[in-house]
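Everything on this sheet refers to the single structure shown next.
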Amino acid sequence: MAATGTNSNGASAYYVTTPIYYVNDRPHLGHAYTTVAGDVLTRWHRQRGEKVWYLTGTDEHGQKIMRTADANGVTPQQWCDKLVEEAWKPLWEHLEIANDDFIRTTQERHTHRVQEFVQDLYDKGEVYQGGYEGPYCVGCEEYKSPGDLLDGEDGAKLCPIHKRPVEMLKEENYFFKLSAYGPRLLEFYEANPGFIQPESARNEVLQFVRQGLQDLSISRSTFDWGIPIPWDPKHVIYVWVDALLNYATAVGYGADPAKFDATFPADVHLVGKDILRFHAVIWPAMLMAQGLPLPRKVVANGWLMVGGEKMSKSNLTGIAPQDLTSHFGVDAYRWYFLRAIQFGQDGSFSWEDFTARYTSELANDFGNLASRVAAMVGRYFDGKLPAAEAPGDAEQAVADGLARAVAEADRRIGDEVDFSGGIAAVFDFIKQVNGYLTEQEPWKVAKDGSAESRARLATILYTAAESLRAVAVLLNPVMPAAAAKLWDSLGAEASLGALADQRVGEAADWGRLPAGSTVTKGDILFPRLEEKKDA
Ligand code: ME8
């Protein structure tokens with residue numbers, strides 16, 4: 001399938017990237033949203049048995065970082081080192097992000113290769129010297145089209161994203177002949193309708209490119225915090241050209257051809273919709289200019305909003321993820337935003353909605369199911385999972401429901417990068433299993449000690465436990481700690497091996513959990529929130 005790249009034969013990795021984040025400040029929910037999404041996507045593909053490469057990192061050059069460092073009385077490098085080590089890397093660890101690499105644009109493995117790339121463009125005649133004057137937003141690190149600006153107070157013109165005044169810049173710069181690539185880009189989008197996702201993002205890009213592209217200024221000479229232009233070191237390379245190249249330099253561009261060929265290009269670039277054009281227009285054009293292969297998909301996530309505005313560092317509306325994980329836990333945090341918001345759409349964070357969904361779906365539907373089943377296997381069968389001695393239509397319906405849930409979740413998350421749809425499929429199945437228990441009433445069946453009832457009870461509890469075995473596999477990419485607890489409590493580790501080694505496809509193979517497994521009532525997966533507060 002085109003969406004999943006070339007990895008089905010195992011030759012090259014399923015390569016997913018996040019944006020590399022500016023380290024002018026600490027991470028907030030918005031950054032974590034994209035990074036958790038990438039983590040779930042890559043964990044899913046690992047559980048399909050594919051080779052995966054998940055890259056994240058930090059964008060450390062440019063005026064925005066330089067000004068922040070100045071304001072804090074340290075050098076830009078000192079500032080970046082501090083923020084990366086104290087804020088960014090620890091957050092990803094806290095959120096259980098299993099990235100394979102972390103690139104920083106101040107690393108030599110990056111800076112040297114960026115210089116070579118730009119020099120190469122220059123040698124090929126793709127770059128020329130010229131002048132430019134226009135409104136510039138330091139927040140975006142981008143020249144803006146005058147028509148896109150908003151009117152502020154006293155006649156000031158504002159960036160539509162940051163709502164802050166733009167600055168008029170006039171510079172002698174080097175330009176990349178981006179305008180020449182419009183027709184080829186349009187042909188490419190036409191031939192690859194799935195390249196930009198969602199549809200609204202694709203339409204925005206098509207409209208933008210159809211209007212005609214301007215050449216791109218790729219150097220700056222009014223400040224020096226950047227990678228020098230090799231043939232004219234009074235200039236530094238424009239921070240976006242520098243930053244986009246991380247996707248190539250991190251996987252060995254110009255340094256390790258074997259690794260590069262086995263990884264590049266990306267199967268999915270995950271980006272916020274604010275930086276879509278850079279990834280869907282400029283980046284492919286840069287690659288075309290070098291004859292390099294283009295990414296397979298650029299998927300734009302919507303914005304997390306606060307009070308109707310994009311949550312952002314510069315507007316001081318950034319909420320730290322730790323403020324939520326300390327209350328709801330890391331698993332619920334990873335699950336919530338992907339579950340509650342259709343990927344690609346904007347979504348508002350609300351404490352009330354998170355609390356309501358946690359209580360109904362995690363604590364009641366899922367957590368309760370797991371603890372009830374473990375408790376009953378303990379009470380009625382001394383913690384040894386009984387065999388399903390007398391399966392009938394009701395059990396077949398559960399097995400069929402599981403097969404549907406696996407197929408749906410795999411297609412939605414694995415192929416379509418539709419997290420809420422995939423997670424909903426799993427939670428619908430959880431609901432089905434709850435409904436099955438309510439109908440079968442094992443607690444009543446247990447009261448009658450006949451051999452027939454005993455067989456029936458065994459069948460019901462096996463069916464529920466086997467369903468949970470599959471749920472643990474399906475939810476492992478989303479909530480690894482809760483899934484591991486569940487896996488342990490079913491005794492599945494001893495009988496089936498490590499959870500991480502379970503394949504998504506096998507989740508649907510009914511009957512994998514062997515009778516005789518030791519089922520224990522482990523920790524409650526999702527404690528009630530009020531209890532947690534008191535604790
Ligand atoms: O743009 N809602 O870095 P950045 C959802 N360095 N996602 C959000 C968000 C919100 N409110 N706020 C931020 C840059 N994000 C460049 C990228 S890539 C070669 C260079 C997420 O620190 C979203 O993924 O401003 C967005 O694209 C990214 O953070 C921007 O992070």
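The values are calculated or read from the model by the stated rules, or taken from the named source; none is laboratory data. Since this is a predicted model, take the numbers as computed values, not measurements. Because the Cβ atoms are built from the backbone with ideal geometry, glycine has one as well, and the counts that use them run over all protein chains shown. Ligands, DNA and RNA are stripped out before the accessible areas are found, and what is left, the full protein with its side chains, is counted by its heavy atoms. Shrake-Rupley method; radii C 1.70, N 1.55, O 1.52, S 1.80 Å.
Quick look at the numbers
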{"quantity": "Residue 316 vs. criteria out of contact with any Phe, Trp or Tyr (no Cβ under 6 Å at 6 or more places or on another chain), modelled with pLDDT under 95 and closer than 25 Å to residue 26 by Cβ", "calculated": "yes"}
{"quantity": "All positions within the stretch 290-327 that are more than 17 Å from the chain's Cα centre (by Cα), surrounded by 20 or more Cβ atoms within 10 Å (Cβ to Cβ) and more than 13 Å from the ligand (Cβ to nearest atom)", "calculated": "324"}
{"quantity": "Residue list for the stretch 341-367, restricted to those being buried (at least 19 other Cβ atoms within 10 Å of the Cβ), more than 18 Å from residue 270 (Cα to Cα) and within 16 Å of the ligand (Cβ to nearest atom)", "calculated": "349, 354"}
{"quantity": "The listed residue being assigned by TED's automatic domain parsing to the domain that holds residue 260 and near the ligand (Cβ under 8 Å from one of its atoms), out of 45, 61, 31", "calculated": "31"}
{"quantity": "Selected residue [without any contact (Cβ under 8 Å) to a residue 12 or more places away in the chain and under 26 Å from the mean Cα position of the chain (by Cα)] from 484, 507, 498, 470", "calculated": "498"}
{"quantity": "Residue among 24, 7 that is at pLDDT below 95, open to solvent by 20 Å² or more (accessible area, probe 1.4 Å) and not assigned by TED's automatic domain parsing to the domain that holds residue 502", "calculated": "24"}
{"quantity": "Contacts under 6 angstrom Cβ, first residue in the stretch 213-233 being buried (at least 22 other Cβ atoms within 10 Å of the Cβ), partner of a type in the set (Asp, Glu), 6 or more apart", "calculated": "227/242"}
{"quantity": "Residue check for residue 205: within 15 Å of residue 283 (Cα to Cα) and surrounded by 18 or more Cβ atoms within 10 Å (Cβ to Cβ)", "calculated": "yes"}
{"quantity": "Filtered residue count, the stretch 452-509, keeping only those that are outside any helix (DSSP H, G or I) and among the hydrophobic types (A, V, I, L, M, F, W, C)", "calculated": "5"}
{"quantity": "Unmet requirement for residue 275, which otherwise passes all of (1) at pLDDT 95 or above; (2) more than 12 Å from the ligand (Cβ to nearest atom); (3) over 21 Å from residue 476 (Cβ atoms)", "calculated": "(2)"}
{"quantity": "Helices (runs of 4 or more DSSP H) lying entirely in the stretch 257-350 (those with 2 or more residues that are aliphatic (A, V, I, L, M))", "calculated": "257-263, 283-290, 330-340"}
{"quantity": "Residue count for the stretch 260-273, restricted to those that are more than 16 Å from residue 59 (Cα to Cα) and either surrounded by fewer than 24 Cβ atoms within 10 Å (Cβ to Cβ) or among the aromatic types (Phe, Trp, Tyr) (or both)", "calculated": "6"}
